[in-house]
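**Q** Please find one structure pasted underneath; my questions will follow.
The values are calculated or read from the model by the stated rules, or taken from the named source; none is laboratory data. It should be emphasised that the depicted structure is a prediction, and the values quoted were computed from it without experimental measurement. Glycine gets a Cβ as well: all are built from the backbone with ideal geometry, and neighbour counts include every protein chain shown. The protein model used for the area step is the full one, side chains on, heavy atoms only, and it has no ligands, DNA or RNA in it. Shrake-Rupley method; radii C 1.70, N 1.55, O 1.52, S 1.80 Å.
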Amino acid sequence: MKKSLVALAALVATGAFAQVTITGGIQTGLYKAAGTGTSLVGTDQNSATNVTLTSTEDLGGGLKATFMGQMRPNAADGTQGAYNYYEQIKGAISGNFGEVAFGRFTTFAGGNGGGIARIFADDGALKAYSGTPSGSGRTSGQVQYTTPVFSGVQAGFAYVPTTGANTQTNAGVKYANGPLTVSYTSSKNVGGTAGTDADEIAGSYNLGPALLRVGQTVNKSASAANITETGYGVEVPMGAMTLGAAYANNAGGTSGQKNTALQARYALSKKTSLIAKYLGKDASGTKTNGSFYGMQITF
């Protein structure tokens, strides 16, 4: 047994095993979903609770191979919850030409609007602006190409080969330079449903005392009228405390729904924060609210 352990340690020390970086975090606390009136121990921002494994290998000649796998356990009981065993999984080759990736992961389009326009990039039920539709978020069975960054500009294209008219595509371009970030993305056959398309614009500007955000998604359907969703947000840092507020009209692409969200985060350290959130929803005259009080740790 001791000889086996010594041999294993020698293999690790000499790099016989590929190095794997482990990152992620957990968000947990007291959560009340809007409209239910039920308080539960859990999380609001689902992506905040994850364990991400990343392994990168230098192939030489400027080429690099990367594997990424992300698990998202339920913060209340540690089970798989509503997610796949690996909610994201990606294999990629990158170099001076950009990156080509395969698997299930957030598309270039999904990363743009959602990450730019939401306060604290919050993907939880308490977000005021839902941003990109589901087909432009994490998409299974895709191949994606992203360009290198040229003078702050980067473009991306994703293709999901399926049968017939349901083939999905999305493409986008993003400009980030100094305090300004803007993006435009267009998705076809969102979620694999023919005729369900979406266009989105998003932007943020850092004034210093405040970070301003705005986003708009036009959800298109072959069988129904288009739904336009617009959201506005602001984040104000004040030492260890950061306050955020957002408003969205037709939030989540639901006609007549309006959301107002408030968030406060107090940094206990670089990795640990206390969080308080409130969301007021008004869906065609029916008003509900939700809340979350807890903590978030990253590693």
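**Q** Does G156 satisfy the criteria of being over 30 Å from P237 (Cα atoms) and at pLDDT below 90?
**A** The answer is no for G156.
**Q** How about region 214-299: which strands (runs of 3 or more DSSP E) wholly inside it have at least 1 residues that are of a type in the set (S, T, Y), within 20 Å of the chain's Cα centre (by Cα) and more than 27 Å from G42 (Cβ to Cβ)? Full working, then the answer.
**A** Working: elements: 227-238, 241-249, 257-267, 272-283, 286-298.
Those strands (runs of 3 or more DSSP E) span 227-238.
**Q** Still on this structure, please answer the following. Just name the residue that is surrounded by the most Cβ atoms within 10 Å (Cβ to Cβ) out of those in region 156-195 that are in a loop (DSSP other than H, G, I, E, B) and under 21 Å from the mean Cα position of the chain (by Cα).
**A** Ranking the candidates gives N189 first.
**Q** Scan region 106-120 and tell me whether some residue there is at pLDDT 80 or above and part of a strand (DSSP E or B).
**A** The answer is yes, given that some residue of region 106-120 is at pLDDT 80 or above and part of a strand (DSSP E or B).
**Q** When you scan region 219-235, how many residues do you find that are open to solvent by 30 Å² or more (accessible area, probe 1.4 Å), in contact (Cβ under 8 Å) with a residue 60 or more places away in the chain and among the charged types (D, E, K, R)?
**A** Number satisfying all stated conditions: 0.
**Q** When the residues of region 87-97 are filtered to those that are of a type outside the set (S, T, N, Q) and surrounded by fewer than 18 Cβ atoms within 10 Å (Cβ to Cβ), which remaining residue is farthest from Y159 (Cα to Cα)?
**A** Among those residues, the one meeting the criterion is G95.
**Q** Keeping to region 259-282, report how many residues are open to solvent by 70 Å² or more (accessible area, probe 1.4 Å) and either at pLDDT 95 or above or over 11 Å from I119 (Cβ atoms) (or both). Full working, then the answer.
**A** As a first pass, look at region 259-282 and keep what is open to solvent by 70 Å² or more (accessible area, probe 1.4 Å): 262, 266, 268, 270-271, 274, 278.
Next, from what is left, pick out any that are either at pLDDT 95 or above or over 11 Å from I119 (Cβ atoms) (or both): 266, 268, 270-271, 274, 278.
So the count comes out to 6.
Here's the yes/no breakdown for (1) among the β-branched types (V, I, T); (2) at pLDDT below 90:
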site: T14; (1), (2): yes, yes
site: V41; (1), (2): yes, yes
site: S55; (1), (2): no, no
site: F67; (1), (2): no, no
site: N74; (1), (2): no, yes
site: T79; (1), (2): yes, yes
site: Y85; (1), (2): no, yes
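**Q** It is to be established whether one or more residues within region 130-150 are open to solvent by 40 Å² or more (accessible area, probe 1.4 Å), over 23 Å from K90 (Cβ atoms), of a type in the set (S, T, Y) and modelled with pLDDT of 90 or more.
**A** No - not one qualifying residue is present in region 130-150.
**Q** Here's another thing I want to ask about it. Pairs only if they're at least six apart or on different chains, beta carbon under 7 angstrom, first in region 52-73 and farther than 30 Å from G42 by Cβ and touching a residue at least 12 places away in the same chain (Cβ under 8 Å), second of a type in the set (A, V, I, L, M, F, W, C) and surrounded by 17 or more Cβ atoms within 10 Å (Cβ to Cβ); list them, first residue then second.
**A** Close Cβ pairs satisfying both conditions: T66/A92.
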